[in-house]
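K.L.:
If you scroll down you'll find the structure; I have some questions about it.
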Amino acid sequence: MAPELAPATSPGLPAGPTVLVPVGSIEQHGPHLPLDTDTVIATAVAARAAEVMAAAGLPVLIAPALSYGSSGEHQDFAGTSSIGTTVLHDVLVELARSMRTWAARVVFVNAHGGNVVALRGAVRRLVDEGHDVDWVPCATEPPSNPGADLHAGRTETSLMLHIAPWNVWLDRAEAGNTGTLAELLPLMMAGGVKAVSPNGVLGDPSGASAEEGAAVLASMVADVVDAVRR
């Protein structure tokens, strides 16, 4: 079991821990994946990474996830619940400042590409203030994972089949726009995801499997553990 922050008591916390904070989103993931897909993935990666670090004798805690992210590009789809880049930036800054009064280090584990601008800005500000804070990607999407598809395709579907298969509806799965990020980004910047994919999928979930998801998750956990240790 990963050592969790929320159910712990204040006197029971380890001294000077590293706190891993999953950062996800509530946004459409096509007709076959749940709105909290990014949050589920970020939490799973952070939890497994915390288990590995704890087994190595490192003081580490996993915090409750930040479920709401910056998802304006998906706003044309029902269910998407975005707080935007500015608000997310401020939440990250204030949360880390608070945690750093008792934690040695705070690391945000992010699974949604739309959060990156807020994360970069928040971490830069916090480091300038003297805080030991960083962020690491779960590499569910390019460019951090060149082999992955863009959104709700084979990569994320495989991960969810491994982590939370009860929330995957494969009978509803269908391919979306399979263009590259370079091809689609200008159109998405202008008109959002719906401008390039009516079903919200950027990729093709065909061939997704729990076995592939397990392998992808293990790779992401190893990357996060390595990044945190560095």
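K.L.:
Report every pair of residues separated by at least 6 positions or lying on different chains whose Cβ atoms are under 9 Å apart, first residue within the range 45-69 and on the phi < 0 side of the Ramachandran plot and assigned to a loop (DSSP other than H, G, I, E, B), second of a type in the set (D, E, K, R) and surrounded by fewer than 20 Cβ atoms within 10 Å (Cβ to Cβ).
P.N.:
From residues that are on the phi < 0 side of the Ramachandran plot and assigned to a loop (DSSP other than H, G, I, E, B), the pairs are 56/229; 58/229; 63/4; 64/4.
K.L.:
Quick one: residue 115 ticks every box in (1) at pLDDT 95 or above; (2) open to solvent by 10 Å² or more (accessible area, probe 1.4 Å) bar one, so which box is it?
P.N.:
Answer for residue 115: the failing condition is (2).
K.L.:
Filter the range 177-198 down to the residues that are of a type in the set (S, T, N, Q) and open to solvent by 30 Å² or more (accessible area, probe 1.4 Å) and list them by number.
P.N.:
Across the range 177-198, the qualifying residues are 177, 178, 180.
K.L.:
Any residue in the range 193-206 that is closer than 30 Å to residue 133 by Cα and assigned to a helix (DSSP H, G or I)?
P.N.:
No.
K.L.:
Related question: Examine the range 45-61 for a residue that is surrounded by 20 or more Cβ atoms within 10 Å (Cβ to Cβ) and within 11 Å of the chain's Cα centre (by Cα), and state whether such a residue exists.
P.N.:
yes
K.L.:
Identify, from the list 90, 149, the residue that is more than 22 Å from residue 228 (Cβ to Cβ), among the charged types (D, E, K, R) and modelled with pLDDT under 95.
P.N.:
149
K.L.:
Here is a follow-up. If residue 201 passes every condition in (1) modelled with pLDDT of 95 or more; (2) farther than 19 Å from residue 45 by Cβ; (3) open to solvent by 30 Å² or more (accessible area, probe 1.4 Å) but one, which one does it miss?
P.N.:
Every condition holds for residue 201 apart from (3).
K.L.:
Scan the range 81-102 for residues that are under 30 Å from residue 216 (Cα atoms) and either small (Gly, Ala, Ser) or assigned to a strand (DSSP E or B) (or both) and jot them down.
P.N.:
81, 82, 84, 96
K.L.:
Of (1) crowded, with 19+ Cβ neighbours inside 10 Å; (2) part of a helix (DSSP H, G or I), residue 121 satisfies all except one. Which?
P.N.:
Result: residue 121 passes all but (1).
K.L.:
Name the residues in the range 179-199 that are under 22 Å from the mean Cα position of the chain (by Cα) and of a type in the set (A, V, I, L, M, F, W, C), would you?
P.N.:
Correct list: 181, 182, 184, 185, 188, 189, 193.
K.L.:
Filter the range 1-47 down to the residues that are among the charged types (D, E, K, R) and within 16 Å of residue 135 (Cα to Cα) and list them by number.
P.N.:
38, the sole residue that qualifies.
K.L.:
Conditions first: (1) in contact (Cβ under 8 Å) with a residue 60 or more places away in the chain; (2) within 19 Å of residue 216 (Cβ to Cβ). Residue 174 passes all but one, so which condition is the exception?
P.N.:
(2)
K.L.:
Another question, if that's okay. Output the number of the condition that residue 84 fails; it satisfies all remaining conditions of (1) buried (at least 23 other Cβ atoms within 10 Å of the Cβ); (2) on the phi > 0 side of the Ramachandran plot.
P.N.:
Failing condition for residue 84: (1).
The values are calculated or read from the model by the stated rules, or taken from the named source; none is laboratory data. Not measured: the values here are computed from a predicted model. A quick note on method: Cβ atoms are made from the backbone with ideal geometry, for glycine too, and the neighbour counts reach across all protein chains shown. Calculation scope for accessible area: heavy atoms of the full protein, side chains included, ligands and nucleic acids excluded. Shrake-Rupley method; radii C 1.70, N 1.55, O 1.52, S 1.80 Å.
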